[in-house]
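The values are calculated or read from the model by the stated rules, or taken from the named source; none is laboratory data. The structure presented is a predicted model; accordingly, all values stated were derived computationally and were not measured. Here the Cβ positions follow ideal geometry from the backbone for every residue, glycine too, while neighbour counts run over all protein chains shown.
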Amino acid sequence: MTLDATIVLDIGKTNCKLSLIDAAGLSLAERRCPNTIANDGPYPHHDVERLWDWMVTVLREFAGLARVGAIVPVTHGATAALVDDDGLVLPILDYESSLTFEQGWDYSAQRDPFAETQSPDLPAGLNLGRQLAWLAQRFPAEFGRTRHILMYPQYWAWRLSGVLASEVTSLGCHTDLWNPSTGDYANLVDRQGWRSLFPPRRQAWARLGAIKPELATTTGLPADCQIVCGIHDSNASLLRHLASAEPCTVLSTGTWVIAASLGASAPPVLDERLDMLANCDVFGAPVPCIRFMGGREFAALAGNDPAPCELGDLQRLIDRGTLALPCFAESGGPFAGRAGCVEGPAAESAAERSALATLYSVLMTDHCLSALGATSPVLVEGSFTRNPHFGPLLAALRPGQGVAVSDDGSGTTCGGWMLARWGCRPAPNARAVAVLDLPGWADYRERWLARTRNLNTSSAPEPMLPRR
């Protein structure tokens, strides 16, 4: 039996994954399930009990495959649990719910300026402070019973270990709750009287304690299996790159595509209207970012089970001038609030729909990189690494910058493993991609940019494009 393995619990907005990883960082087993939203109860919420039952079943299976030394929770952001000593006092609100914008309630006057929090004013519940303020106003009795506010990775760590903790990467991802320049809570937290509800902060790699004895008995995991504090998923993708001496731009891809600029000599000026923000890395340092809901938009264009596309499918769309114009998701991104559309001859097959989604995703990514002023090499992590055309097409639009693609498809899982084995660095896993400069691709990009230029507010700065 493999000794000292790690389990990474990776809860993304669309899917959940449990990975069993050996001491060398190699995958031994992986199980997935959808991350569904429940619509019973007072508002749309995360079905955590379904996830818990699934997780316990998989933990029992993994316990028979290896001796597990640690479990690391990694989750999406903008999510928190309100708990007392017995469990949840309210369901965990889905950040895509628009209820927090209900008529007759104004949060905007309560939040701190963007210059202080580097957290843009976002739609739905993407600002966690908005969620908390709405819950306090809408459900005062339940909120009054709250003893602890747990960020989502630490909620799962608490259920596994019984130990309460807070952690900076989840506190500092567009929550309105954190001031990255002071390394402390934003003024909003004190005005609302929430500071005492947040448990003591711990490092993401801190071992909170052993798994609960009853859970060890139920799953067959060792009684001394340690529960690690955990981390926000996009920040998990950054971990392997933080120690690099050279600047780079990490592109974390999944439901969200997030471009993060590391080590730039001149940090970019962030424009909140373009969904630019500063996340906090695992050490609390601000990381300039821009993002859009790339995985969700890809599925809107290609379908939930996209067909593979070939070079010929891409070329036909370029030749016909078929353009997908943003945006195809309701939440976030530099074109938030705009209804997406397709101009020109429609895609004629499932393969062409995937090709159109690919072209759109590349152009949106290129637009975001330009807005961020990113000139350092681009490292692609996550689900888009499985698209053979994404990296090469992007490389053609970023001359001299260089694009490399991870070979594991999951920077979040690797980051979780690194937390369990803090101080160990995995071997380099990115390969440079060849440029795919299809005939007419540059002109196609210019037409797309011309059509999208007026979609942003007229006062927003125009992204600086790399020279070809």
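Selection of the range 293-323 for residues being in a loop (DSSP other than H, G, I, E, B) and surrounded by fewer than 23 Cβ atoms within 10 Å (Cβ to Cβ) yields Gly303, Asn304, Asp305, Pro306, Ala307, Pro308, Glu310, Gly321, Thr322.
Quick check on my filter: what residues within the range 194-215 are assigned to a strand (DSSP E or B) and at negative phi? Give the derivation first.
Taking the range 194-215 and keeping what is assigned to a strand (DSSP E or B), we get 201, 207-210.
Across the range 194-215, the qualifying residues are Arg201, Arg207, Leu208, Ala210.
Taking the listed residues Asp121, Asp94, Asp106, Asp176, the one that is within 19 Å of the chain's Cα centre (by Cα), over 17 Å from Pro199 (Cβ atoms), surrounded by fewer than 17 Cβ atoms within 10 Å (Cβ to Cβ) and not β-branched (Val, Ile, Thr) is Asp121, with no other qualifying.
Restricting the range 158-174 to residues that are among the hydroxyl-bearing types (Ser, Thr, Tyr) and in a helix (DSSP H, G or I) leaves a set whose member that is nearest to Ile211 (Cα to Cα) is Ser161.
Is it the case, given these coordinates, that Glu96 is under 30 Å from Gly416 (Cα atoms) and at pLDDT below 95? So Glu96 fits the description; yes. Across the range 236-258, the qualifying residues are those that are assigned to a loop (DSSP other than H, G, I, E, B) and among the aliphatic types (A, V, I, L, M), and the one among them that is farthest from Gly400 (Cα to Cα) is Ala243. Here Leu122 passes the criteria (1) closer than 30 Å to Leu20 by Cβ; (2) in contact with a His (Cβ under 8 Å, 6 or more places away or on another chain) except the one numbered (1). In this structure, Leu99 qualifies as free of Cβ contacts under 8 Å to residues at least 60 places away in the same chain and surrounded by fewer than 18 Cβ atoms within 10 Å (Cβ to Cβ). Give just the number: which of (1) touching a Lys or Arg at 6+ places or on another chain (Cβ under 8 Å); (2) surrounded by fewer than 24 Cβ atoms within 10 Å (Cβ to Cβ) does Leu436 not satisfy? Going through (1) touching a Lys or Arg at 6+ places or on another chain (Cβ under 8 Å); (2) surrounded by fewer than 24 Cβ atoms within 10 Å (Cβ to Cβ) one by one, Leu436 breaks only (1). Considering every residue within the range 312-335, establish whether at least one is at pLDDT 95 or above and basic (Lys, Arg). Yes, because at least one residue in the range 312-335 is at pLDDT 95 or above and basic (Lys, Arg). Checking each residue in the range 1-20 for being at pLDDT 95 or above and either of a type in the set (A, V, I, L, M) or surrounded by fewer than 15 Cβ atoms within 10 Å (Cβ to Cβ) (or both) picks out Ala5, Ile7, Val8, Leu9, Ile11, Leu18, Leu20.
I need the full set of residues from the range 259-279 which are assigned to a strand (DSSP E or B) and without any contact (Cβ under 8 Å) to a residue 60 or more places away in the chain, in order please. So that I can check it myself, show each step before the final result.
Residues of the range 259-279 assigned to a strand (DSSP E or B): 259-262, 276-279.
Passing the criteria: only Ala260.
Here Leu132 meets each of (1) free of Cβ contacts under 8 Å to residues at least 60 places away in the same chain; (2) within 23 Å of Thr117 (Cβ to Cβ) with one exception, condition (1). Testing Ala66 on (1) under 30 Å from Thr100 (Cα atoms); (2) among the small types (Gly, Ala, Ser); (3) buried (at least 20 other Cβ atoms within 10 Å of the Cβ), one condition comes back false. Which one is that? All conditions pass for Ala66, except number (1). Go through Ala109, Ala63, Ala70, Ala78 for me and flag whichever is at positive phi and in the same structural domain as His45 (by TED's automatic domain parsing). Just a single option satisfies the conditions, and that option is Ala78.
Scanning the range 1-40 for residues that are of a type in the set (D, E, K, R), outside any strand (DSSP E or B) and free of Cβ contacts under 8 Å to residues at least 24 places away in the same chain yields a count of 1.
Here Asp443 fulfils each of the conditions (1) of a type outside the set (A, V, I, L, M, F, W, C); (2) in a loop (DSSP other than H, G, I, E, B); (3) modelled with pLDDT of 95 or more apart from (2). In the range 378-388 there is at least one residue matching the filter, namely being touching a Phe, Trp or Tyr at 6+ places or on another chain (Cβ under 8 Å) and in the same structural domain as Cys414 (by TED's automatic domain parsing). Every test in (1) touching a residue at least 60 places away in the same chain (Cβ under 8 Å); (2) touching a Pro at 6+ places or on another chain (Cβ under 7 Å); (3) among the hydroxyl-bearing types (Ser, Thr, Tyr); (4) assigned to a helix (DSSP H, G or I) is passed by Ser361 save one, and that test is (2). Residues in the range 87-139 that are of a type in the set (Asp, Glu) and within 18 Å of Pro44 (Cβ to Cβ): 3 in all. Tell me yes or no: at least one residue of the range 49-67 is closer than 25 Å to Asn429 by Cβ, touching a Gly at 6+ places or on another chain (Cβ under 9 Å) and assigned to a strand (DSSP E or B). No, that holds for no residue.
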